Amino acid sequence: MTNRREFLRRTALASGAVALGIDSIPAAAAPVDALSRPVQPAPPDRRIRLLILGGTGFIGPHQVRYALERGHEVTIFNRGQSAPGMFPGVEELTGDRVTGELDALRGRRWDAVIDNSASRSDAPDWVRDSANLLRDQADQYLFISTRSVFRDLSAVPATVDAPVLTRETTSGWSEGDPYPYGLAKALAEAEATAAFGDRTTIVRPGLIVGPGDETDRFTYWPVRIERGGEVLAPGNPEGDRIQVIDVRDLCEWVVRLCEDRTYGTFMAVGPENGRSISEFLYGIAAVTTAPLTWTWVPREFLAEHGFRPYREMPVWRPPTPGFEGFARFDLSREVAAGLTFRSLADTATSTLDYHHARPADRRSQLRAGASAEAEAEVLRAWHRSRGG
Ligand SMILES: NC(=O)c1ccc[n+]([C@@H]2O[C@H](COP(=O)([O-])OP(=O)(O)OC[C@H]3O[C@@H](n4cnc5c(N)ncnc54)[C@H](OP(=O)(O)O)[C@@H]3O)[C@@H](O)[C@H]2O)c1
């Protein structure tokens, strides 16, 4: 079974090369696992006590597992609703950030705190309460923020220093309204920094993808491509860019940022030079084997037929005025701080493995992307418009 799968992966890599117009991929002769693993980081030079706020959702478990692998002592803090007892042997503290029940955190000491769970409109309150409580009980506060905090990404390449949303610059928001997501996260970043000062680390991920993702935004593409047939591919094959982050690359890196006491503000997207939407789709096709053809449909036609970036066509976001750098981040600072990238082949394969292990009703009901019928309808309209 393993050998057959390995054979299929290697064959698929070779066919991916053909799709990309490359005569051959010399590395296709090497085992895929050797291609797909990032450079192995050195072992940590200290054992840390790590507190993870939100240890049982999508991203928390990847951090918990990696921190344990690296020999650290882990405590998680949740309400105990999502997955109580998920990690036997890991200390699980219970409380509720909505109601400010944080007593379980008092009187303890940690080397670093990773805050995953503050993502609602009241995120600034959550972070203010927990960061103020923990400022003398922990050396470092690492806040998981988002690429949505930016208000201007017109510079290409963009960097993490681009301007961020403020109350004054958030269009459509007025005092008294709930904070929209990007503004809430930007204000929450400021609360973390107000409490921890230069001991704060802010990490701003783009779309987080890979095993465990229940939003299905990335998953749509490997699942769709694996089905084969005529695949609707959106936009400008070379001009539209993609930068996302594999959840394992994100989570392993944030644990290492804590080991290394690395402070400051960082992006978490990849790969380093980004990739075009065609490299992205053909790269995913390289780990599948169903016969398929591609039909590229321009964004204007898709818009006329109700197919929106990030919605019916998830992950794809063509450049818009003021956001030309959205998927063109320069990541020199992040790479220097230890961010590494798995191959797209690894992300796509692991996502498919995760998807196929889900219950049948979940597999048949993706939460993102166009339905097969809607895709076929737009393809028919496109061919008609071309006289086909
Ligand atoms: N997904 C993306 O593409 C993306 C992109 C950029 C940034 N982000 C950021 O990444 C983080 C996403 O984390 P995630 O996807 O792992 O979240 P998640 O799956 O929703 O998990 C939330 C975690 O927080 C705990 N929690 C929820 N409500 C709580 C409360 N009131 N008090 C205490 N604990 C609570 C949950 O456990 P209990 O239910 O047991 O409490 C769970 O462990 C967010 O900060 C988000 O803004 C996500």
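Points to keep in mind about this one:
- Computed about its Cα centre, the charge dipole of the chain is approximately 680 debye, with only Lys, Arg, Asp and Glu carrying charge at their Cβ.
- Residue order, fewest to most beta carbons within 10 Å, for SER332, SER276: SER332, SER276
- By other beta-carbon atoms within 10 Å, ranking ASP122, ASP161 with the fewest at the front produces ASP161, ASP122.
- Projecting the Cα atoms of LEU331, PRO41, GLY228 onto the dipole axis of the chain, where Lys and Arg carry +1 and Asp and Glu carry -1 at the beta carbon, places GLY228 farthest toward the positive end.
- Nearest-ten-degree value, helix 181-196 long axis tilted from longest Cα axis of the chain: 30
- Relative to the Cα centre, the charge distribution of the range 224-339, modelled as +1 at Lys and Arg Cβ and -1 at Asp and Glu Cβ, gives a dipole magnitude of about 200 debye.
- Relative to the longest principal axis of the Cα atoms of the chain, the long axis of helix 344-356 lies at roughly 90 degrees.
- Taking other Cβ atoms within 10 Å as a rough exposure proxy, VAL269, VAL223, VAL160 sort from fewest to most as VAL223, VAL160, VAL269.
- Cβ-placed point charges (K, R +1; D, E -1), dipole of the range 174-270 about Cα centre in debye, nearest 20: 140
- Degrees separating the helix 2-19 axis from the principal Cα axis of the chain, which is the longest one: 70
Each reported figure results from applying straightforward, stated rules to the coordinates on display, with no laboratory input. Since the structure is predicted, the reported quantities are computational estimates derived from the model, not experimental observations. Methodologically, a virtual Cβ is constructed for each residue, glycine included, from the backbone with ideal geometry; neighbour enumeration extends over all protein chains shown.
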